[in-house]
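Q: The structure's right below; bear with me while I get my questions together.
The values are calculated or read from the model by the stated rules, or taken from the named source; none is laboratory data. Everything quoted here is computed from the prediction, not taken from an experiment. With ideal geometry, Cβ positions are generated from the backbone for all residues, glycine too; neighbour counts draw on all protein chains shown.
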């Protein structure tokens with residue numbers, strides 16, 4: 001208890017001492033081509049006989065570095081471009097902040113949002129597994145406001161910003177969004193020619209290069225191409241080599257005209273060796289050296305991504321606008337990975353999976369079984385996944401008045417089709433000459449990385465073939481009503497139908513006693529609502545309250561293989577009350593919010609492997625944040641979140657075995673926060689750094705595996721010239737041992753974060 005209180009006090013002191021309690025949104029000062037100028041006046045005023053009057057001219061110097069602050073959003077359907085008019089917290093990590101921190105992955109970037117935690121890879125899911133406000137957001141990741149559902153690892157090379165909208169939002173986005181949504185905003189072409197090239201190298205041996213080229217053509221058109229290549233060792237952990245490349249071409253036609261057409265694509269290939277972490281021992285992650293990896297040298301996760309996007313944005317007038325957006329996404333993931341699953345001892349009959357050992361100081365096994373006598377059973381995680389999404393959204397925005405009352409009405413239709421297939425494979429070997437259970441490759445010493453490959457006599461055996469598809473339709477409207485210049489009401493309604501079917505090759509005869517579902521078809525209908533009130537006594541302050549709902553169909557992830565009965569959707573509702581301020585002449589944004597999110601009909605696992613819709617999970621929280629400049633040279637990005645999360649009704653198996661009622665949901669820290677600050681000297685030298693804090697968490701819903709809190713400190717320094725920049729970053733300055741991501745598989749696995757790492761970036765602009 002003492003440690004938790006002291007950590008909370010330290011975090012609050014850091015935040016409020018710097019005057020930083022704020023919020024973020026997409027960047028109006030992001031790098032790349034300059035904003036599109038307005039179209040020339042088609043009806044210039046005629047000559048006038050009035051005498052010419054000299055107008056005052058204000059000259060302002062350029063800021064010494066790009067802004068961390070953002071005040072305007074990119075999500076069309078929020079019903080407001082100015083984030084002060086959105087009755088929910090919206091936190092934005094823009095390109096300036098990502099560059100300052102050298103954040104190259106989605107996981108690295110969203111750590112700037114308190115209340116976000118990362119899940120690791122496991123048997124069913126691969127790629128980015130993010131928890132938001134204590135709830136999984138794996139299917140709540142978007143790309144330019146279109147659902148980005150594929151299971152893959154996302155890079156930031158083609159992104160301008162990442163917007164995190166807090167709270168249930170099915171009225172805006174359809175199914176999902178219990179804790180909120182994460183929207184990736186891609187770089188768009190502009191009418192100013194620009195080129196940016198970068199080269200990076202780390203002390204671990206990772207080399208990365210990127211290119212960003214924007215070229216106007218014609219009078220109102222431009223093309224922009226972003227590229228990325230990286231190769232080498234990704235962290236201080238053994239066997240974490242990567243070889244990735246990507247290309248993102250975009251063409252925008254009619255810039256600044258009534259009709260703008262944007263055609264874009266993101267093409268990526270990755271071949272990485274993923275660290276699946278360490279298993280638990282005596283209620284904690286097993287205490288082994290940070291660099292240990294229980295995988296094999298011939299492991300790999302290979303991914304190919306093709307994302308195509310077409311957008312037509314037509315303005316009939318200043319008060320009427322139509323936007324139609326179409327997306328195609330194909331992701332193929334081929335996985336041959338090995339994870340360390342269970343701890344055991346070796347002997348004539350290995351007892352892998354059962355340890356007669358207690359926990360000593362620093363979680364060191366003893367009672368006759370020191371670390372050098374323990375072994376880890378290795379589990380194969382092999383599969384081949386194909387994921388296809390096709391979606392179209394048509395939205396109309398209309399501004400009008402009824403008497404003295406103003407309206408901003410948004411209406412839309414959402415159509416989508418999804419297809420998913422997954423073929424699993426198992427490798428089964430032996431340990432100390434004793435055959436292991438199906439799917440167990442072998443065993444390895446607990447205290448170090450062996451570095452070998454899969455034994456030659458261990459074959460890859462095909463397993464279940466799962467196939468599924470889903471169709472979705474949504475129709476919605478949202479009205480922002482301006483009763484007075486200082487009082488606005490927001491109300492929205494959406495109706496969704498979601499139809500999904502799944503099939504599994506195993507148990508096709510539906511054998512009695514086998515819980516694997518051979519075939520299942522389900523239709524879900526749901527009505528989502530959104531309501532709020534915004535009080536703005538001045539342009540610099542906003543006070544709001546809001547209510548919103550969302551739903552999660554039982555077949556939402558198209559991966560269910562257990563339970564033969566159809567289950568109703570999980571219902572979610574959120575309440576939020578908050579404040580937003582712009583201070584210091586608008587240079588610093590501050591925000592704070594109180595919120596409560598409740599999930600009803602939560603699916604809870606039964607003893608026989610089936611599920612029942614009997615659970616309730618509730619998260620009450622407080623979040624504050626700051627983004628912007630305290631002085632022209634000194635800027636900050638900071639936040640803190642307190643989450644009081646509880647499983648109100650969980651598993652109630654006979655005898656209380658596995659009971660989760662009253663427990664804390666996995667990977668949900670009570671306290672978390674971050675602060676990042678930089679100071680620029682004479683427009684040339686920049687120094688800065690920050691701290692990331694995550695409180696104590698649990699690696700499973702039974703709360704039997706506890707993961708300790710951590711503070712991680714990073715530094716940055718840069719030397720800037722008009723056309724080039726040299727930046728140094730140091731990650732995990734004090735070589736803190738911490739756990740970066742968690743997963744409930746195998747009793748609760750934890751992935752250690754990288755040790756101290758240096759990075760040097762050279763950027764050239766022309």
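One line per residue, one yes/no per condition, for (1) within 30 Å of residue 319 (Cβ to Cβ); (2) modelled with pLDDT of 95 or more; (3) in a loop (DSSP other than H, G, I, E, B); (4) touching a helix residue (DSSP H, G or I) at 6+ places or on another chain (Cβ under 7 Å):
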| residue | (1), (2), (3), (4) |
| --- | --- |
| 407 | yes, yes, no, no |
| 420 | no, no, no, no |
| 438 | no, no, yes, no |
| 447 | no, no, yes, yes |
| 456 | no, no, yes, no |
| 464 | no, no, no, no |
| 489 | yes, yes, no, no |
| 506 | no, no, yes, no |
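Q: Another question, then. Is it fair to say residue 165 is assigned to a helix (DSSP H, G or I) and closer than 18 Å to residue 145 by Cβ?
A: Numbers: assigned to a helix (DSSP H, G or I): no; closer than 18 Å to residue 145 by Cβ: yes.
Considered against the rule, which asks whether it is assigned to a helix (DSSP H, G or I) and closer than 18 Å to residue 145 by Cβ, residue 165 comes out as no.
Q: Exactly one condition in (1) without any contact (Cβ under 8 Å) to a residue 60 or more places away in the chain; (2) more than 23 Å from residue 440 (Cα to Cα); (3) crowded, with 16+ Cβ neighbours inside 10 Å is false for residue 243; which is it?
A: (3)
Q: Six or more apart or on different chains, Cβ under 6 Å: which pairs go from a residue in the range 707-724 that's farther than 17 Å from residue 677 by Cβ to one that's surrounded by fewer than 19 Cβ atoms within 10 Å (Cβ to Cβ) and modelled with pLDDT under 95? Could you list them?
A: Hits for this filter: zero, empty list.
Q: Scan 748, 758 and give me the residue that is touching a residue at least 60 places away in the same chain (Cβ under 8 Å), closer than 30 Å to residue 294 by Cβ and surrounded by fewer than 20 Cβ atoms within 10 Å (Cβ to Cβ). Give the steps one after another, and end with the answer.
A: On the way: 748 fails: surrounded by fewer than 20 Cβ atoms within 10 Å (Cβ to Cβ).
Being touching a residue at least 60 places away in the same chain (Cβ under 8 Å), closer than 30 Å to residue 294 by Cβ and surrounded by fewer than 20 Cβ atoms within 10 Å (Cβ to Cβ) holds for just one of 748, 758, which is 758.
Q: Just the residues that are crowded, with 19+ Cβ neighbours inside 10 Å and free of Cβ contacts under 8 Å to residues at least 60 places away in the same chain, please, taken from the range 687-701.
A: Of all residues in the range 687-701, those crowded, with 19+ Cβ neighbours inside 10 Å come to 688, 690, 692-695, 697-701.
Listed by number, the residues that qualify are 698, 700, 701.
Q: Being buried (at least 23 other Cβ atoms within 10 Å of the Cβ), in contact (Cβ under 8 Å) with a residue 40 or more places away in the chain and within 10 Å of the chain's Cα centre (by Cα) is the requirement here; does residue 140 meet it?
A: Details: buried (at least 23 other Cβ atoms within 10 Å of the Cβ): yes; in contact (Cβ under 8 Å) with a residue 40 or more places away in the chain: yes; within 10 Å of the chain's Cα centre (by Cα): yes.
When the stated conditions are applied, residue 140 passes them.
Q: Is there a residue in the range 177-195 that is assigned to a strand (DSSP E or B) and farther than 23 Å from residue 143 by Cα?
A: Among the residues of the range 177-195, at least one is assigned to a strand (DSSP E or B) and farther than 23 Å from residue 143 by Cα, which makes the answer yes.
Q: A follow-up question, please. So which residues in the range 138-162 are part of a strand (DSSP E or B), within 24 Å of residue 569 (Cβ to Cβ) and out of contact with any helix residue (DSSP H, G or I) (no Cβ under 9 Å at 6 or more places or on another chain), if there are any at all?
A: Of everything in the range 138-162, just one residue is part of a strand (DSSP E or B), within 24 Å of residue 569 (Cβ to Cβ) and out of contact with any helix residue (DSSP H, G or I) (no Cβ under 9 Å at 6 or more places or on another chain), namely 146.
Q: Quick one: residue 704 ticks every box in (1) over 24 Å from the mean Cα position of the chain (by Cα); (2) without any contact (Cβ under 8 Å) to a residue 40 or more places away in the chain except a single one, so which number is it?
A: The number of the failed condition is (2).
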